[in-house]
Amino acid sequence: MTEQQPKNRLMLDAAETKKLLEEAGIPFVETRLARAKKEAASLSREIGFPVVLKIVSPDVVHKSDAGGVKAGLANTAQVLKAYTGIISNVKRKLPGARIEGIAVQKMARPGVEVIIGMSEDAQFGPFIMFGLGGIWVEVLKDITFRVIPVTAWDAAEMVREIKGFDILRGYRGQEPIDVPFLEKLIIKVSDFIEKNPQVKELDINPLVAYGKGAVAVDARIIIEPSMEGAK
Ligand code: ADP
Ligand code: MG
């Protein structure tokens, strides 16, 4: 159920993750936590349709696999139904998972999904990863790596050396993606890791990229708290 972590590692919750990324200068889609069905409906109306509902649980790492994500909800009735559906899916697929609530997110308009990640290598230390998201990363493993800290030059190379760069440049009428913005975000993640060495893993998957700007809709941060227990 829970992914195995070294004993002293800790996955930050969704709210802390969003806050840290925003502090690092990485835009995150509007997200609110609902603890009951009616609250999910009222938050959806506040955020504005269409919305996405997602399970919030420290025990659910792959939310879609657990039936924990419902996207494209266009009205209150759909939100109420999605809420019940998510809770029952998760209870069935991951019995015993602690459920903290359901996140209500604004539905990001379609763009090109990319991934920015960070992890540590025993030999080289912290490194950053960039690639296309969705099936591109799962099937084609079209990703590239650099040791942190990355320079502006590294970031420019990373974006250009993936096989899918043509997709970022625009194909079949799709808008060309804001590549300089992606380069800046790679550097921001690198800076964030340098300033926060307690962060051992970070995954922004996906970041939805547009002709102008980009927005993260899912992220995960794993830290190793210091001796003082400070997060
Ligand atoms: P997980 O990776 O845990 O399965 P995600 O939060 O990444 O869950 O959601 C799964 C997929 O749903 C994403 O890869 C993305 O394609 C889509 N998605 C999630 N949230 C949004 C959103 N706010 N707007 C648009 N699409 C979204
Ligand atoms: Mg995801």
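Observations on the structure shown:
- Cross-link partners of K184 among lysines (Cα-Cα below 17 Å; sequence separation of 8 or more within a chain): K195, K212
- Summing Cβ point charges (Lys, Arg +1; Asp, Glu -1) relative to the Cα centre of segment 30-106 gives a dipole of roughly 200 debye.
- Note that segment 202-217 has calculated 3J(HN,Hα) couplings of 8, 9, 10, 8, x, 9, 9, 9, 10, x, 9, x, 6, 9, 7, 10 Hz, one per residue in order, obtained from phi through the Karplus relation 6.51 cos²θ - 1.76 cosθ + 1.60 (θ = phi - 60°); glycine and proline are x.
- A Cα-only calculation for the chain places Rg and Dmax at 18.0, 54 Å.
- Compactness ratio for segment 31-79: Cα radius of gyration over 2.2 N^0.38 Å (N = residue count) comes to 1.12.
- Gyration tensor verdict on segment 136-224 (Cα atoms; rounded if a/c is under 1.5, prolate if a/b is larger than b/c, oblate otherwise): prolate
- Cross-link partners for K91 among the lysines, with Cα-Cα distance under 23 Å and sequence neighbours closer than 8 places in the same chain left out: K37, K38, K54, K63, K70, K81.
- Dividing the summed -39500 (n - 2.57) terms of all DSSP H runs of n ≥ 4 by the residue count of the chain sets its mean residue ellipticity at 222 nm at -10000 deg cm²/dmol.
- A full extension of the chain between K93 and E22 corresponds to an added length of 22.4 nm, given 0.36 nm per residue minus the alpha carbon distance.
- A simple spin-label model places pseudo-atoms 7 Å from Cα toward Cβ; at K141 and K184 they are separated by 3.4 nm.
No lab work stands behind these numbers, since they all come straight from the coordinates. As the structure is a computational prediction, the values presented were derived from the model and not from experiment. FYI the Cβ positions are ideal-geometry reconstructions off the backbone, even for glycines, and counts take in every protein chain you see.
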